[in-house]
Amino acid sequence: MIVTRFAPSPTGYIHIGNVRSAIYPYLIARQSGGKFILRIEDTDQARFVEGATELIEDTLNWLTLEWDEGPVVGGPNAPYFQSERREIYATWAKKLIEAGRAYADPTPAEEVQKFREADNAAKIPFLFRNHRPAAADFTPEETLKLWEAGNPIRFKSDPKDYSWHDDVMGDLSTGPEVCDDIILIKKDGLPTYNFAHIVDDAEMGVTHIARGVEYLSSMPNYLALYEALGLERPHFLSLPHILAPTGNKKLGKRDGAKSVTEYRADGVLPEALLNYLACLGWNDGTEQEIYTKDELIKAFSINRIQNSGARFDETKILWYNGMWIRKIHDEQGNDALYECTQDFWPESAASFSDEYKKKVLDIIYDRLKTLGDLKTMTNYFFADPNLDMDLLIGNKFLKKLSERELIDLLSAVIDKLNSLKEWSADSLQATFNELLETTGKKPAELFSLVRISLSFAPFSPALHLTCEVLGRDATLARLNAVRSALTNDLH
RNA sequence: GGUCUCUUAGUAUAACGGUUAGUACAACGGGUUUUCAUCCCGUCAACGCGGGUUCGACUCCCGCAGAGAUCACCA
């Protein structure tokens, strides 16, 4: 059985570069009927951020990456917060001490820093094992005593060549020069990531570890620990970084990398974000672009994960989002899409009914890149627009007509619409076609005049649909208002 | 500096050692009774460099260059 995990630190929101290391393990677990575990790596108390855990849970829920074990849902390996697992790490650390593979290190931090600087100055790579204290050779009893006295526990490394297989990167190897006496348990009694994740993954039965490539250079130390602890190596998947839109740096919070929360607030659909991120650095070899979560689960394969970094492209997210907005509307219906839009209407829409807003959505949805566009694109459906006459007169089609002609044209439209019996999209369409004939104006002229008079917006849906949704009263009132303004202008 | 990794159009990517190097986004042009968008059609655009192996290399090997990661009592 395949067991994967997402193990974030609660140091803030999940930024976009990290979500993928939740998505891939999730897909791997789901496609094999395995388990996906959420584990909170909160061993660094200095970096702990209040509320960050909830934000992580919220983000995963929103993306529908449900976890089988972890916070909230519990599980057989609880607790799932590393800060609550001290005894477990202590037990494993004692095993190493008993075996002579770990020692308590009394070297003061300042001393270590001096060693480091001296080695740097001498252009020697700094390795703590070159400065091993006498305590490294203490008996287990002496070591335990020194540990209790508040000293950190270090691994006693046994430098040698390592080679291993990475499911993404292939066969890898390094020399002994990277093996060191890494800290396992800090002075504060909490383990380092280096030690904790190995213990936890073993205890929780994790079979596939997917994480960023930045951990690649620590692999020899991890392999040494698996060996010393008598553990079998799990599968390793090093996921290449997502690069910032500009430069060659990995996407970080300072590169304008937005959090998932921000994309959500902007009106990006979870389906779109999932789709985009899954396909950034992975493809199934076909030319399919749009994947539902179920399709991703089915199609995903570890050996087709890209092994070079991929640049983050917001334009493509917006394209995916537009596709998904239309997909949901066309496949699940306007009501289903409407369900997603609750937080995105302009304030002016507050007093309007769901029915009316649904109608607006139904004619505007295929112009949306994000649901947030509703705020800026639908205002004129809920409030009379400002009569920006310069916009109307200066329009590239209308500026060829005199104000007199505009007024006459508006009058013709108003008369015709006044006498219209049935206010429907079809009859409105027919009416405008008749008006084209009776007035002899070009479509660009007639339509632009009516469209701008109704919306004063840079763009809007097809005219007959806009009129239908706006209704007879609002449509005629706005046309009359523009005609009056033009008439006053003339006098 | 040591160690490790990566390298196809602007971006994301495809291509049993034999293809006019495919697709998508972006850009640009055109079409669909106004606009914006959708939809459709089209244009532009890539194998980092140098050696080898081979009848033949984007693909295999070696070197170089460029980029990235890491070298914490952070993860």
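Looking at region A:177-217, which of the residues that are exposed (fewer than 15 other Cβ atoms within 10 Å of the Cβ) and either within 23 Å of A:His131 (Cβ to Cβ) or among the basic types (Lys, Arg) (or both) is farthest from RNA strand B (Cβ to nearest atom)?
A:Asp188
Which one of these does A:Thr91 not meet: (1) within 11 Å of RNA strand B (Cβ to nearest atom); (2) free of Cβ contacts under 8 Å to residues at least 24 places away in the same chain?
Of the numbered conditions (1) within 11 Å of RNA strand B (Cβ to nearest atom); (2) free of Cβ contacts under 8 Å to residues at least 24 places away in the same chain, the odd one out for A:Thr91 is (1).
With the checklist (1) in contact (Cβ under 8 Å) with a residue 40 or more places away in the chain; (2) touching a helix residue (DSSP H, G or I) at 6+ places or on another chain (Cβ under 9 Å); (3) of a type in the set (Gly, Ala, Ser) in hand, flag the one item A:Gly205 doesn't pass.
(2)
Of everything in region A:307-331, what is among the hydroxyl-bearing types (Ser, Thr, Tyr), in contact (Cβ under 8 Å) with a residue 40 or more places away in the chain and either near RNA strand B (Cβ under 6 Å from one of its atoms) or in a loop (DSSP other than H, G, I, E, B) (or both)? Give them in sequence order.
Across region A:307-331, the qualifying residue is only A:Ser308.
Sort out for me the helices (runs of 4 or more DSSP H) sitting completely within region A:82-150 that have 1 or more residues that are of a type in the set (A, V, I, L, M) and under 20 Å from A:Asp180 (Cα atoms).
A:86-98, A:109-121
Which residues, counting only those in region A:1-30, are of a type in the set (Ser, Thr, Tyr), more than 21 Å from A:Thr192 (Cα to Cα) and at pLDDT 95 or above?
Once the filter is applied, which keeps residues that are of a type in the set (Ser, Thr, Tyr), more than 21 Å from A:Thr192 (Cα to Cα) and at pLDDT 95 or above, region A:1-30 yields A:Tyr24, A:Tyr26.
Would you point out which residue out of A:Asp408, A:Asp366, A:Asp415 is of a type in the set (Asp, Glu) and either crowded, with 18+ Cβ neighbours inside 10 Å or within 16 Å of RNA strand B (Cβ to nearest atom) (or both)?
Going through A:Asp408, A:Asp366, A:Asp415 in turn, just one is of a type in the set (Asp, Glu) and either crowded, with 18+ Cβ neighbours inside 10 Å or within 16 Å of RNA strand B (Cβ to nearest atom) (or both): A:Asp366.
Only one of these is within 27 Å of A:Tyr13 (Cβ to Cβ) and out of contact with any strand residue (DSSP E or B) (no Cβ under 9 Å at 6 or more places or on another chain): A:Glu66, A:Glu117, A:Glu111, A:Glu84. Name it.
A:Glu84
So, in region A:290-306, exactly how many residues are more than 7 Å from RNA strand B (Cβ to nearest atom), under 27 Å from A:Glu214 (Cα atoms) and charged (D, E, K, R)?
0
Is it true that A:Leu237 is assigned to a strand (DSSP E or B), in contact with a strand residue (DSSP E or B) (Cβ under 6 Å, 6 or more places away or on another chain) and farther than 18 Å from A:Asp58 by Cβ?
Against the criterion (assigned to a strand (DSSP E or B), in contact with a strand residue (DSSP E or B) (Cβ under 6 Å, 6 or more places away or on another chain) and farther than 18 Å from A:Asp58 by Cβ), A:Leu237 qualifies.
Within region A:351-371, how many residues are farther than 21 Å from A:Arg264 by Cβ and in a loop (DSSP other than H, G, I, E, B)?
Total satisfying the criteria: 3.
What pairs come out if I take residues in region A:378-402 that are among the polar types (S, T, N, Q) and pair them with residues that are within 12 Å of RNA strand B (Cβ to nearest atom) and in a loop (DSSP other than H, G, I, E, B) whose C-beta lies under 8 Å away, six or more apart or interchain?
Note: pairs meeting the criteria are A:Asn379/A:Ala457; A:Asn386/A:Phe456.
What number of residues within region A:277-289 are within 9 Å of RNA strand B (Cβ to nearest atom) and on the phi < 0 side of the Ramachandran plot?
9
Conditions tested, residue by residue: (1) more than 14 Å from RNA strand B (Cβ to nearest atom); (2) closer than 22 Å to A:Ala202 by Cα.
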position: A:Arg5; (1), (2): no, yes
position: A:Pro8; (1), (2): no, yes
position: A:Ile16; (1), (2): no, no
position: A:Val19; (1), (2): yes, no
position: A:Lys35; (1), (2): yes, yes
position: A:Arg39; (1), (2): no, yes
position: A:Thr53; (1), (2): no, no
position: A:Glu57; (1), (2): yes, no
position: A:Asn61; (1), (2): yes, no
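The values are calculated or read from the model by the stated rules, or taken from the named source; none is laboratory data. Remember, predicted model here, so these are calculated numbers, not experimental data. Note that we place each Cβ from the backbone using ideal geometry, even for glycine, and neighbour counts take in every protein chain shown.
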